[in-house]
Amino acid sequence: MSLSFETINLIAPAFVAGAIISLAHVPLGQEVLKRGIIFLDLAVAQFAALGMIAFQSLPNIDEYSYIGMYGPLASGLVAALTCAFTFHALEKYAGAYQEALIGCAFVLAACLSLLLMANDPHGGEEMNNILAGQILWTDWPDIKIAAPVFISIFVIWNIFQSKRQVLFYPLFAMAIPFAVNMIGIYLVFASLIFPALAVVKLRSHKVSWGIVISICGYSLGLAASYILDWPSGPAIVLSMALCSFLFSHFLKQ
């Protein structure tokens, strides 16, 4: 099966999106694993999605206007920041119950999202897009908006290492809405956690190897999606899991 110019033009932005998202998700995912708050990414991602859905449910919004195009992303960013800072404030008081509270927040945000879309005839399709993502619909204008965000997060995280305790929640909340908008909740979780688990026993170069695993996962998933005509999001999640498993398996040898 040969690749046409149109196919390459379609897949290229999706691959670049995966690569730049990996820059931010890999180090942040390792921090999530280190802190033991695995479901924080799901909760923040679901709140970001809730913010987007809430904005889209507003009446009399022209989807082709400036507000209509960027309003959902801005609303998702506000919701994600609110969620992240709330859990940051509760971190000292929740103790052993923090993970349970994060799980409760995720369920509540998911149910509110379903209720907001209950009367929308396209609600099922919208929810599927939010969960599984539409990475193949990513285009170069999307990359121009998202790339500075993810690259900045990567640079800030590495330059201000002594401030990571303070920077983690705001940087995490900034990354998630852009990622949810591009790749969906399932792939957000996969790209944060799978590479982090794969390199957890390494003593050095964890971020570098994590980025390699993540990019391999995106590449293999996009290839499988094209060859087998699979939905791109689930295909990348499966390939991310496979690449992470293989790396951790050969690491033990």
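The values are calculated or read from the model by the stated rules, or taken from the named source; none is laboratory data. Values in this document were obtained by computation on a predicted structure and should not be read as measured data. Neighbour counts are summed over all protein chains in view; Cβ atoms, including those assigned to glycine, are modelled from backbone coordinates with ideal geometry.
Just checking, does segment 2-19 include any residue being over 30 Å from Gln161 (Cα atoms), among the acidic types (Asp, Glu) and part of a helix (DSSP H, G or I)? Checked against the condition, which is being over 30 Å from Gln161 (Cα atoms), among the acidic types (Asp, Glu) and part of a helix (DSSP H, G or I), segment 2-19 yields at least one hit. Among residues that are modelled with pLDDT under 90 and touching a Ser or Thr at 6+ places or on another chain (Cβ under 6 Å), Leu116 is not included. Taking the criterion of being part of a helix (DSSP H, G or I) and more than 21 Å from Gly133 (Cβ to Cβ), the residues of segment 49-67 that qualify are Tyr66, Ile67. Take segment 29-43 and flag every residue that is at pLDDT 95 or above and crowded, with 24+ Cβ neighbours inside 10 Å. Within segment 29-43, Gly29 is the sole residue that qualifies.
Yes/no per residue for (1) farther than 26 Å from Leu50 by Cβ; (2) in contact with a Ser or Thr (Cβ under 7 Å, 6 or more places away or on another chain); (3) at pLDDT 95 or above; (4) among the hydroxyl-bearing types (Ser, Thr, Tyr):
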residue: Ile159; (1), (2), (3), (4): yes, no, yes, no
residue: Pro170; (1), (2), (3), (4): no, no, no, no
residue: Val180; (1), (2), (3), (4): no, no, no, no
residue: Leu202; (1), (2), (3), (4): yes, no, no, no
residue: Ser225; (1), (2), (3), (4): yes, yes, no, yes
residue: Leu251; (1), (2), (3), (4): yes, no, no, no
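Considering (1) of a type outside the set (A, V, I, L, M, F, W, C); (2) in contact with a Ser or Thr (Cβ under 8 Å, 6 or more places away or on another chain); (3) at pLDDT 95 or above, the lone condition that Gly133 does not fulfil carries the number (3). With the condition kept exactly as written, say whether any residue in segment 88-109 is assigned to a helix (DSSP H, G or I) and either basic (Lys, Arg) or within 19 Å of Ser232 (Cβ to Cβ) (or both). For segment 88-109, residues assigned to a helix (DSSP H, G or I) and either basic (Lys, Arg) or within 19 Å of Ser232 (Cβ to Cβ) (or both): present. Can you find even one residue in segment 134-143 that is closer than 30 Å to Ile211 by Cα, assigned to a helix (DSSP H, G or I), in contact with a Gly (Cβ under 7 Å, 6 or more places away or on another chain) and not β-branched (Val, Ile, Thr)? No, the conditions are met nowhere in segment 134-143.
Given the criteria under 20 Å from Ala17 (Cβ atoms), buried (at least 21 other Cβ atoms within 10 Å of the Cβ), modelled with pLDDT of 95 or more and of a type in the set (Phe, Trp, Tyr), does Phe154 qualify? When the stated conditions are applied, Phe154 passes them.
Is it the case that Gly123 is touching a Leu at 6+ places or on another chain (Cβ under 9 Å), crowded, with 18+ Cβ neighbours inside 10 Å and closer than 18 Å to Ala49 by Cβ? Considered against the rule, which asks whether it is touching a Leu at 6+ places or on another chain (Cβ under 9 Å), crowded, with 18+ Cβ neighbours inside 10 Å and closer than 18 Å to Ala49 by Cβ, Gly123 comes out as no.
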